[in-house]
Amino acid sequence: MASPRVWPGTPYPLGATWDGAGVNFALFSAHATKVELCLFDPSGRRELERLALPEYTDEVWHGYLPDAHPGQLYGYRVHGPYDPQHGHRFNPNKLLIDPYAKALHGHLHWHDAAFGYRVGSARGDLSFDRRDSAAVMPKCRVIDPAFSWGDDRPPAWPWDQTILYEAHVRGFTQRHPAVPEALRGTFAGLAHPAVIDHLTTLGITTIELLPVHAFIDDRHLTQKGLRNFWGYNTVAFFAPELRYLSDIGHIEFRTTVRKLHEAGIEVVLDVVYNHTAEGNQLGPTLSFRGVDNASYYRLSPENPRYYFDVTGCGNALNLSHPRVLQLVMDSLRYWVSEMHVDGFRFDLASTLGRETNGFDNGAGFFDAVRQDPVLAHVKLIAEPWDLGEGGYRVGGFPPGWSEWNDKFRDTVRQYWRGDEGKLADLASRLTASADHYNHHGRRPWASVNLVTAHDGFTLDDLVSYDAPHNEANQENGGHADNKSWNSGFEGPTDDPAIAALRQQNKRNMLATLLLSQGVPMLLAGDEFGRSQRGNNNAYCQDNDISWLDWDGWSEADWALLAFARRLIALRRRHPAFRRPRFFTGAPLDGKAQKDVTWLSPEGHEMTPEDWTLGYARCVGMLLGAAHGEAGPFVLLMNAHHDTLPFTLPPAPPDVAWLRLIDSYDGRNDGAATFAGAEAYSLAGRSFALLQATPRTADHVARTAP
């Protein structure tokens, strides 16, 4: 291949940018002494040429290739000091992924050559490895950004109407019988009409996808024959993960988003900007470490050889550096502007808010997001903790953010397990945890409520196992304290009484989740009883432990799905379950009826003494009806083993209480009515929902969602 003429190019934008005639290459590195652009043949196996980027402007190395085109494979070799004691780990023998790569070609093939130091050396990471890593590294691909979006519009669901559904691209579609085999486990499979039909008939508004940014399989997993299934091991923040592709990455992903939008479904991405796949000082040199280790990572102030790790993954990105902050912001804007996603869930988001003195909800990252016009309208969800000191920050994120609420998760699990002394906490969680979020003008949707998520037991396992069963991981891992209850037997059982109790407990938690104030998040498959066989840390199980089983549903599974659909329909139809403001206990619209009233089983309003009774595990929640709304509604919850008579609130003579659901046997036909002040027989371990309805012959038809 003849050597192309390299023009100076420009330092902006960063990455490889095709302008219709040639490609501009720009790479930030504050401490490099030289940067070489390496061009590869279409297979990615043969390096054709190394070209030194000719210009260095504002710490950006850049050059323009007038005869380069989309599809060109490339990587970088970056020269500079190899001095780990001072934070520098340059090694030009290592081919590096462009931090701004929009697409990758090929996968990482683990070999000692991928490490900047000599693996096994007595000097450890202070040694220097001279082997060329190009043969084992993925290559970057120049893309043509053109795509016809047509009339695509974001569904733009208001927060108070949002129902999140957490799913894994591969796990959700890999075993779906209606999806063609070639598309299973891919973005195209996610866009299949049968998959979208399940989502729309279920009634969710927003799918939250586990990480889709390009990631790698950890070496220790591949040595065990396992893979990084969840994907929290990012290596490129702009490129879609290759294993989810059946076609050209950015095109296939965009097509999927467009089809989901057509069905009225938003797409939220789980993103990992807190750390990268390069690990600690003994990790591989794949990208950031070799480009400018001292800039990209938080290093120990005492000894920059080591990383300041608050993520448990070996390193933490240094968002205090303006160029690293720019990388994250550019990535977020790219996925919104170019890929049309509707929001993000930030993994270990406390790390993103760490400044020199620890977490700061006025950190540069939060300030940058708050003022950014592209991100102003998208959904921002924090996982509000990391593993460092002061990293647990539930309720501590700034205005404009919603947060995963583990207080809701833990309280609901403990209450339905039958733990004593949980009534007061339960009341707070049912009302969007105002004790944590009602400040700075935040709204109830600041609380993203969950009972289960990818990290932990599924709903079926939560009621079937007391302890994790993670033997397939070939390691000791997973939370020991799951606040679960096996309903009397560990694991699968043929005992009909235990099976019935488990179904009832699942209905209890689904009802609590979907009828609480705040934003509910449902884990994919919980609506039909998916199990991971007791594995509560299936991060490395890319197999039928994690894949949803769409075949062979039992009658109970179909019944649970119908129950979940009913709950979601109730939530979407009735604003009482998704108030835009926190409850105050004051009357609604000038009426005598309060926005919320807490009831004891005897039918009177709960007193301060009632809340402190440790043995009390039964309560009613009366939701007042605002002007023009249906209702009021009363939610009855009984975590005792025994059936209790629950005296219903008084009602006028022409009004009756209509039962909408009862978790005891899943009744949701809306057929039974009860007079005011009548005692409702509330079964042990059950949840019931009733609505005040005029006594007319057609009240059932008019009130059914």
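The values are calculated or read from the model by the stated rules, or taken from the named source; none is laboratory data. Owing to the predicted nature of the structure, the values given are computational and were not obtained by experimental measurement. All Cβ positions, glycine included, derive from the backbone under ideal geometry; neighbour counts span all protein chains shown. SASA here: full protein model, heavy atoms, side chains in, ligands and nucleic acids out. Shrake-Rupley method; radii C 1.70, N 1.55, O 1.52, S 1.80 Å.
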Point to revise | log10 of Debye I(q)/I(0), alpha-carbon scatterers only, for the range 20-71 at 0.13, 0.23, 0.26, 0.28 Å⁻¹ | key: -0.35, -0.92, -1.04, -1.11
Point to revise | Whole-number accessible area per residue in Å² for the range 104-151, which is evaluated in the context of all protein chains at 1.4 Å | key: 49 Å²
Practice item. Rounding to the nearest 20 debye, state how big the charge dipole of the chain is about its Cα centre with +1 on each Lys and Arg Cβ and -1 on each Asp and Glu Cβ. Key: 660 debye
Check your understanding: Based on the Cβ-Cβ distance of Asp151 and Ala178, what FRET efficiency does E = 1/(1 + (r/R0)^6) give at R0 = 22 Å, to the nearest 0.05?
Key -> 0.20
Check your understanding: Under the Kirkwood approximation for Rh and a Cα-based Rg, what ratio Rg/Rh is obtained for the chain?
Key -> 1.01
Exercise for review: Just the number, please: percent antiparallel of the DSSP beta bridges in the chain, rounded to the nearest 5.
Suggested key: 70 percent
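From the P(r) of the range 167-307, could you give the percentage of C-alpha pairs in the tail past 19 Å?
57 percent
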Revision key, fill the gap. Hydrodynamic radius by Kirkwood for the range 54-149, inverse mean 1/r across distinct Cα pairs, in Å, is 15.4 Å
Check your understanding: Between Glu302 and Tyr615, what is the label-to-label distance in nm when each label sits 7 Å out along the Cα-to-Cβ direction?
Key -> 5.3 nm
Review point. According to the Cα gyration tensor, what semi-axes, each the square root of 5 times an eigenvalue, does the equivalent ellipsoid of the range 346-394 have, listed from largest to smallest in whole Å?
Key: 20, 13, 6
Exercise for review: In whole angstrom, note down how far apart the Cα centers of the range 480-540 and the range 244-287 are.
Suggested key: 29 Å
Study note, to complete from the structure: Computed on Cα atoms, Rg of the range 222-266 relative to 2.2 N^0.38 Å comes out at 1.47
Revision key, fill the gap. Note on the range 1-113: alpha-carbon gyration tensor, axes a ≥ b ≥ c; rule is a/c under 1.5 for rounded, else prolate if a/b larger than b/c, else oblate; result oblate
Revision key, fill the gap. Note to self: Kirkwood Rh of the range 306-461, Cα pairs, one decimal, Å, is 16.9 Å
Check your understanding: Which trypsin sites (Lys or Arg not before Pro) from the range 40-71 combine a DSSP loop assignment with at most 15 other Cβ atoms within 10 Å?
Key -> Arg45, Arg46
Review point. Label 7 Å along Cα→Cβ of His220; the range 459-490 residues with amide nitrogen under 17 Å?
Key: 470-479
Review point. Helix 193-202 versus the longest principal axis of the chain: what is the Cα-based angle in degrees, 0 to 90, to the nearest 10?
Key: 40 degrees
Check your understanding: When the helix-only estimate is applied to the chain (DSSP H runs of n ≥ 4, each -39,500 (n - 2.57), divided by the residue count), what is the mean residue ellipticity at 222 nm, nearest 500 deg cm²/dmol?
Key -> -6000 deg cm²/dmol
Review point. So, by mean Cβ neighbours within 10 angstrom, what's the order for 251-257, 535-541 with the highest one leading?
Key: 535-541, 251-257
Check your understanding: Could you give the angle, 0 to 90 degrees to the nearest 10, between helix 322-337's Cα long axis and the longest principal axis of the Cα atoms of the chain?
Key -> 60 degrees
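Note the full-extension length gain between Asn361 and His79 as 0.36 nm times their separation in residues minus their Cα-Cα distance, in nm to one decimal.
Working: separation 282, 0.36 × 282 = 101.52 nm, distance 3.71 nm.
Contour length minus Cα-Cα distance gives 97.8 nm.
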Point to revise | Cα Rg, Dmax, the range 424-523, angstrom units | key: 16.0, 52
Revision key, fill the gap. If every Lys and Arg gets +1 and every Asp and Glu gets -1 at its Cβ, then about the Cα centre the range 529-653 yields a dipole, in debye to the nearest 20, of 540 debye
Study note, to complete from the structure: Expressed as a percent, the accessible surface of the chain that is carbon or sulfur, using a 1.4 Å probe and the full set of protein chains, is 52 percent
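Over the range 540-662, with the other protein chains present, what is the accessible area per residue in square angstrom, probe 1.4 angstrom?
Details: 5280 Å² over 123 residues.
About 43 Å² of surface per residue is accessible.
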**Study point:** Spatial separation of Cα centroids for the range 167-182 and the range 400-466, in angstrom
**Key:** 30 Å
Exercise for review: Excluding residues fewer than 8 places away in the same chain, name every one of the lysines whose C-alpha is closer than 29 Å to that of Lys379.
Suggested key: Lys102, Lys259, Lys407, Lys506
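If the viscosity is 0.692 mPa s and the temperature 37 °C, what translational diffusion coefficient in µm²/s does Stokes-Einstein give for the range 117-181 when Rh comes from Kirkwood over Cα pairs? Could the numbers behind the result be given before it?
Details: Rh = 18.9 Å.
Estimated via Stokes-Einstein, D reaches 174 µm²/s.
Averaging over all projection directions, find the projected area of the Cα convex hull of the range 484-635 and quote it in nm² with one decimal place. Numbers along the way, then the final one.
Working: hull surface 48.6 nm².
Quarter of the Cα hull surface area: 12.2 nm².
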Review point. Tell me, what is the percent relative contact order of the range 162-290, built from C-alpha pairs under 8 Å that lie six or more residues apart?
Key: 28 percent
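Would you mind getting the accessible area per residue of the range 232-378, heavy atoms of the protein chains only, 1.4 Å probe, in Å²? Don't skip to the end; give the middle numbers.
Working: 4280 Å² over 147 residues.
Each residue of the range 232-378 exposes 29 Å² on average to a 1.4 Å probe.
Which values, in whole Å and largest first, are the semi-axes of the equivalent ellipsoid of the range 344-433 obtained as the square root of 5 times each eigenvalue of the Cα gyration tensor?
Working: eigenvalues 166, 48, 18 Å².
Value: 29, 16, 10 Å, ordered largest first.
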Check your understanding: Could you give the angle, 0 to 90 degrees to the nearest 10, between helix 249-262's Cα long axis and the longest principal axis of the Cα atoms of the chain?
Key -> 20 degrees
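Under a Cβ-only charge scheme (Lys and Arg +1, Asp and Glu -1), can you give me the dipole magnitude of the range 227-304 about the Cα centre, in debye to the nearest 20?
Working: 7 positive and 9 negative charges, 21 e Å.
Its charge dipole is roughly 100 debye.
Expressed in whole Å with the largest first, what are the equivalent ellipsoid semi-axes of the range 553-692 derived from the C-alpha gyration tensor as the square root of 5 times each eigenvalue? Display every interim value, and only then the final one.
Values: eigenvalues 111, 80, 45 Å².
Whole-Å semi-axes of the equivalent ellipsoid: 24, 20, 15.
Which FRET efficiency, nearest 0.05, do Asp494 and Arg695 yield, Cβ-Cβ r, R0 41 Å? Intermediate values should be presented prior to the final figure.
Numbers: r = 45 Å, r/R0 = 1.10.
Between Asp494 and Arg695 the formula returns 0.35.
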Practice item. State the extension gain, in nm to one decimal, for the chain segment bounded by Glu55 and Leu387, taking 0.36 nm per residue of separation less the distance between their alpha-carbons. Key: 115.4 nm
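Normalising by the residue count of the range 300-398, find the relative contact order in percent from Cα pairs under 8 Å and 6+ residues apart.
On the way: 125 pairs, mean separation 28.7, N = 99.
Relative contact order, the range 300-398: 29 percent.
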